[in-house]
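Take a look at the structure set out below.
The values are calculated or read from the model by the stated rules, or taken from the named source; none is laboratory data. Being a predicted model, the structure only gives us computed values, none of them experimental. A quick note on method: Cβ atoms are made from the backbone with ideal geometry, for glycine too, and the neighbour counts reach across all protein chains shown.
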Amino acid sequence: MAAVKPVRFIGKTNRDFVKTLNKRVEGYFKEKGISKHADYRMVIKTFCMLAMYITPFVFILTSVESTWLFYGLEILMGIGMAGVGLSVMHDANHHAYSKNQKINNIISFSLNLVGGSSTNWRIQHNVLHHTYTNVHHHDEDIMPVTNLLRFSPHDELRKPHKYQYLYAWFFYGLMTLMWATTKDFTQLKRYKQKDLLKGQRITYNRALMSIVLTKVVFLSITLGLPMVITDYAWYNVILGWLTMHFVAGLLLALVFQPAHVMEDVDYPLPTEKNEIENFWLVHQLYTTCDFAHGNRILSWYVGGLNYQVEHHLFPNICHIHYRAISKIVKETASEFDLPYHVRKTFTGAIYKHAKMLKKLGTDWKPTPIKLTDSSSTVVKEERIAEPA
């Protein structure tokens with residue numbers, strides 16, 4: 001499999017928007033005299049999320065006798081697992097947690113603690129998804145691992161897709177289970193073939209060794225220890241472990257999917273010259289959707305990822321600042337007559353996502369956005385795609 005040819009983002013009509021938005025956001029931090037990175041709130045949240053994941057497991061190993069309570073604790077671990085990914089690892093892997101890259105690297109390793117691979121995540125999420133959001137054959141977040149799901153109107157339509165709005169939720173629950181078992185190995189092989197590991201400054205053998213070792217440790221602790229030092233039947237331990245993963249996977253999907261697989265957003269196709277007719281920053285406005293701005297509790301738990309527009313525009317800014325800069329983004333987009341997609345509630349966003357899944361089960365096609373060509377900017381896959 002050859003390396004993916006970089007897509008060029010071109011356009012001229014919104015150049016002033018790009019300059020104005022960047023200037024205003026920079027001005028916000030200068031005026032407030034604050035860092036774009038984490039502060040004490042993120043430190044507190046980090047401990048809370050890790051405790052939500054680790055504490056139930058400690059109780060499972062030391063003091064729980066009730067089978068029902070055991071499953072309840074596994075569900076709490078799943079909530080904590082998703083919280084670690086959403087609120088801790090995510091910022092660190094975007095270099096947004098700290099200006100010290102060593103701290104980012106240490107904290108991003110929290111993904112490995114819950115069965116994933118920080119190297120693969122940076123390639124799939126930071127590079128492919130953030131650079132080529134909703135672009136067919138480039139954004140792996142709209143390329144499901146099974147043909148039973150269809151997230152892009154440009155994918156082949158199959159008969160089962162007619163019912164995917166009913167069964168997709170089951171597959172969503174398998175997300176972290178696949179990370180913990182097979183997905184990281186198939187991804188790593190694919191990224192080696194596409195020559196994407198160079199951008200992470202890591203060799204295939206080193207990355208493979210890291211994945212193998214972390215998964216052995218993860219499986220030994222989360223599956224092996226309960227089997228060895230508790231009195232629970234082996235099948236309860238396995239079912240509890242699967243329950244934990246299903247909860248975590250479903251929660252992650254419910255946060256990430258309504259951000260891009262929605263009726264409002266665009267699914268642009270590159271031209272024959274492999275170009276997207278828009279500036280990269282503006283492209284994010286067309287392909288991303290916010291939700292539940294007024295739900296502070298939800299926003300705290302999901303790491304500000306209900307502000308997906310802000311995250312895609314400024315992924316190198318810690319999520320604790322998204323609520324504040326969202327006002328700047330919304331006002332500036334309105335001023336330049338650009339879209340700012342947002343759903344009022346979380347449940348409303350999920351409902352609209354379900355409607356989009358149903359629509360994608362038909363031969364529906366989005367109306368293409370026509371823009372004027374001009375000067376070009378090449379975004380390469382070999383680096384983490386983040387705005388200047």
- [ ] From the list 252, 281, pick out the single residue that is in a helix (DSSP H, G or I), within 25 Å of residue 132 (Cβ to Cβ) and at pLDDT below 95.
- [x] 281
Open item on the list: So, residue 146, is that one among the hydroxyl-bearing types (Ser, Thr, Tyr), surrounded by fewer than 20 Cβ atoms within 10 Å (Cβ to Cβ) and assigned to a loop (DSSP other than H, G, I, E, B) or not?
Closed with: yes
TODO: Quickly run through segment 149-164 and pick out the residues that are farther than 24 Å from residue 121 by Cβ and of a type outside the set (S, T, N, Q).
DONE: 153, 154, 156, 157, 158, 159, 160, 161, 162, 163
- [ ] Run residue 375 past the list (1) at pLDDT below 95; (2) surrounded by 13 or more Cβ atoms within 10 Å (Cβ to Cβ) and report the number of the one that doesn't hold.
- [x] (2)
Task: Flag for residue 67 being at pLDDT below 95, among the polar types (S, T, N, Q) and touching a helix residue (DSSP H, G or I) at 6+ places or on another chain (Cβ under 7 Å) - done: yes
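From the list 17, 70, which one is in contact with a Phe, Trp or Tyr (Cβ under 6 Å, 6 or more places away or on another chain), assigned to a helix (DSSP H, G or I) and either surrounded by 19 or more Cβ atoms within 10 Å (Cβ to Cβ) or polar (S, T, N, Q) (or both)?
The conditions single out 17.
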Open item on the list: I want to confirm something. Restricting to segment 140-171 and keeping residues that are within 18 Å of residue 274 (Cβ to Cβ) and without any contact (Cβ under 8 Å) to a residue 24 or more places away in the chain, which single residue is nearest to the chain's Cα centre (by Cα)?
Closed with: 140
Open item on the list: Considering only segment 276-299, I want to know if a residue exists there that is of a type in the set (Asp, Glu) and under 17 Å from residue 87 (Cα atoms).
Closed with: yes
Open item on the list: Return the residues of segment 73-115 that are surrounded by fewer than 20 Cβ atoms within 10 Å (Cβ to Cβ), within 17 Å of residue 42 (Cα to Cα) and β-branched (Val, Ile, Thr); say none if nothing qualifies.
Closed with: 103, 106
TODO: Would you check if residue 65 is within 13 Å of residue 245 (Cα to Cα), more than 21 Å from the chain's Cα centre (by Cα) and either acidic (Asp, Glu) or not in a helix (DSSP H, G or I) (or both)?
DONE: no
Open item on the list: I'd like the full set of residues that are surrounded by fewer than 24 Cβ atoms within 10 Å (Cβ to Cβ) and out of contact with any Asp or Glu (no Cβ under 9 Å at 6 or more places or on another chain), limited to segment 285-295.
Closed with: 292, 293, 294, 295
Task: Test set (1) farther than 20 Å from residue 96 by Cα; (2) within 17 Å of the chain's Cα centre (by Cα); (3) hydrophobic (A, V, I, L, M, F, W, C) - residue 255 fails condition number - done: (1)
Open item on the list: It is to be established whether one or more residues within segment 293-312 are of a type in the set (S, T, N, Q), outside any helix (DSSP H, G or I) and within 30 Å of residue 155 (Cα to Cα).
Closed with: yes
Task: segment 168-193: number of residues that are within 14 Å of residue 117 (Cα to Cα), surrounded by 18 or more Cβ atoms within 10 Å (Cβ to Cβ) and of a type outside the set (A, V, I, L, M) - done: 6
Task: Those residues of segment 80-114 which are in a loop (DSSP other than H, G, I, E, B) and either of a type in the set (A, V, I, L, M, F, W, C) or over 22 Å from residue 142 (Cα atoms) (or both), in sequence order - done: 95, 96, 97, 98, 99, 100, 109, 114
- [ ] Considering each residue of segment 332-354, count those that are in contact (Cβ under 8 Å) with a residue 40 or more places away in the chain and hydroxyl-bearing (Ser, Thr, Tyr), and give that number.
- [x] 3
